[in-house]
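The values are calculated or read from the model by the stated rules, or taken from the named source; none is laboratory data. In this text, all values refer to a predicted model and were calculated from it rather than measured experimentally. We place every Cβ from the backbone using ideal geometry, glycine too, and count neighbours over all the protein chains shown.
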């Protein structure tokens, strides 16, 4: 509680009180602090999963690997040959999946390519039965 003791003559009785009562402010802040301390652990709960570690080991390309490139317009290239449509890609992937051992597809996507074009190639690989699909990227700067 704030208490103002003025002069004994009583002349200053009607003067406005110029001190700030901080007790309500401190009470509100303590209540907010308690609420945040209780609700933050509830909000930050997640499902426990083990995330993979980042590996920076370059893979060596084998001669039997299939290199598929997707340019920024979404056109699909098998090596240096442009494929006309998704059916041609699926047909070639199915023929490659019949080989023993099954080849690995190495996918090169332009940085400006929308992900939907990359996802179509990955879905075609899965539909053809190719289990190993790798993404070729530039090495990160040290």
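Considering only residues that are in a strand (DSSP E or B) and touching a strand residue (DSSP E or B) at 6+ places or on another chain (Cβ under 6 Å), look in the stretch 79-126 and name the one that is farthest from residue 137 (Cα to Cα). The selected residue is 105. Would it be correct to say that residue 137 is touching a strand residue (DSSP E or B) at 6+ places or on another chain (Cβ under 9 Å), without any contact (Cβ under 8 Å) to a residue 12 or more places away in the chain and not in a helix (DSSP H, G or I)? Criteria met by residue 137.
Of everything listed in (1) surrounded by fewer than 16 Cβ atoms within 10 Å (Cβ to Cβ); (2) modelled with pLDDT under 90, the single unmet condition for residue 109 is (1). How about the stretch 1-56: which of its residues are part of a loop (DSSP other than H, G, I, E, B) and at pLDDT 80 or above? Of everything in the stretch 1-56, those that are part of a loop (DSSP other than H, G, I, E, B) and at pLDDT 80 or above turn out to be 19, 20, 21, 22.
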